[in-house]
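Trainee: Below are the structure tokens for one structure; questions will follow.
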Amino acid sequence: LLLLGTGLAAGSAHCPSGCSCGYLEVNCTGRQLQEFPAAIPLDTRQLILAANNVSYLPAVELSFLADLVYLDCQKNLLGDDLDFTFIGVAKLVYLDLSFNNLTQVTFGTFSQLLSLVVLKISDNPNLVAIEKDAFANNTWLRHLDVSRTGLMFLDTSTVRDLPNLRFLGLSDNPWHCNCSFLVFITWMADSNVHFPDADNITCYTPEAFHAWKLPAAEVQLHSSCLTQLHKQDYIFLCFVGFCIFFAGTVVAWLAGVCAVIYQVHTSKGEEDEEEEDAVA
């Protein structure tokens, strides 16, 4: 045990090649690293890997840094293979993955980060999908930035169900402003979340809404989505009306038939009674 403790202490005193180290901090900014650096002190709490060429974060090596609370990986080449990468760094509070090559965010991407407060995934132009429940476990998330990505749609529940969310970056994305997106725009107007650079949160498609700011789009969408009837709607309404008319006609006919039968039956009964009285 003494030898093991000495080895850990000696290991924590080393610094990865090409990086600079301070108290509980390792800074490898702009070192042209191709891979995740080796021999990072195990007690590191702040790791900065910004502006390198790292394309893969090894989950095993990361799990050795159990006390890590701050991880900056902006401006690298990280792709879409991040699911369960952060399973061993549950204390992480700050994570910056901006300016990378992310393509999607699933439930497994950040589900282990129960303490996450700040998440930056902006400037990932190939990021086109964020699953509905992607942040379901990140209930402490306060700052989320998805600006300047390829997102065209974001399900309202993805962010609405984050009780501590106060900052949400959405600018310069190719938002598709259709009736499905109206719910999200309405939530934005009613929420207490701050949306920075709001003037650059605009519609990209369809062409009729291109470059429209969301408040203006909301008014038009309310008008077109909630009141406008399409051809199929008119056909359906005509069909329902015909069914109601037909059903009413049938009911009236049956009522008439029943009334006639009752009248005939009643008249016959009276005639029988008169005949019996005459015989008597």
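The values are calculated or read from the model by the stated rules, or taken from the named source; none is laboratory data. As the structure is a computational prediction, the values presented were derived from the model and not from experiment. Positions of Cβ are backbone-derived with ideal geometry, glycine not excepted, and every protein chain shown enters the neighbour counts. Surface areas here come from the heavy atoms of the whole protein model, side chains and all, with no ligands, DNA or RNA. Shrake-Rupley method; radii C 1.70, N 1.55, O 1.52, S 1.80 Å.
Trainee: Run down N100, N137 and say which single residue is in a loop (DSSP other than H, G, I, E, B), within 30 Å of D199 (Cβ to Cβ) and in contact (Cβ under 8 Å) with a residue 12 or more places away in the chain.
Mentor: Unique residue meeting the criteria: N100.
Trainee: Do you know which residues across the range 181-224 are assigned to a helix (DSSP H, G or I), under 21 Å from S147 (Cβ atoms) and small (G, A, S)?
Mentor: Across the range 181-224, the qualifying residues are A189, A198, A216, A217.
Trainee: Looking only at the range 93-119, count how many residues are open to solvent by 60 Å² or more (accessible area, probe 1.4 Å) and in contact with a strand residue (DSSP E or B) (Cβ under 7 Å, 6 or more places away or on another chain).
Mentor: So the count comes out to 1.
Trainee: Okay, moving on. Being without any contact (Cβ under 8 Å) to a residue 24 or more places away in the chain and surrounded by fewer than 13 Cβ atoms within 10 Å (Cβ to Cβ) is the filter here; which residues of the range 200-215 pass it?
Mentor: Passing the criteria: E207, A208, H210, A211.
Trainee: Another question, if that's okay. Could you list, in sequence order, all residues of the range 109-134 that are aliphatic (A, V, I, L, M) and not in a loop (DSSP other than H, G, I, E, B)?
Mentor: V118, L119, A129, I130
Trainee: With respect to the numbered conditions (1) within 21 Å of W212 (Cβ to Cβ); (2) open to solvent by 10 Å² or more (accessible area, probe 1.4 Å); (3) of a type in the set (V, I, T); (4) out of contact with any helix residue (DSSP H, G or I) (no Cβ under 6 Å at 6 or more places or on another chain), which one is the sole condition not fulfilled by V183?
Mentor: (4)
Trainee: Would you confirm, using the coordinates I've provided, whether L62 is open to solvent by less than 50 Å² (accessible area, probe 1.4 Å) and either closer than 15 Å to D96 by Cα or not in a strand (DSSP E or B) (or both)?
Mentor: Yes.
Trainee: Looking at the range 65-92 only, could you name the residues that are open to solvent by 20 Å² or more (accessible area, probe 1.4 Å) and more than 16 Å from Q112 (Cα to Cα)?
Mentor: Listed by number, the residues that qualify are Q74, K75, L77, D80.
Trainee: Could you list all residues from the range 53-87 that are more than 22 Å from P41 (Cβ to Cβ), under 21 Å from the mean Cα position of the chain (by Cα) and not aliphatic (A, V, I, L, M)?
Mentor: Listed by number, the residues that qualify are G79, D80, D81, D83, F84.
Trainee: Take the conditions within 24 Å of V117 (Cβ to Cβ), of a type in the set (D, E, K, R) and at pLDDT 95 or above and apply them to D43. Does it pass?
Mentor: Criteria met by D43.
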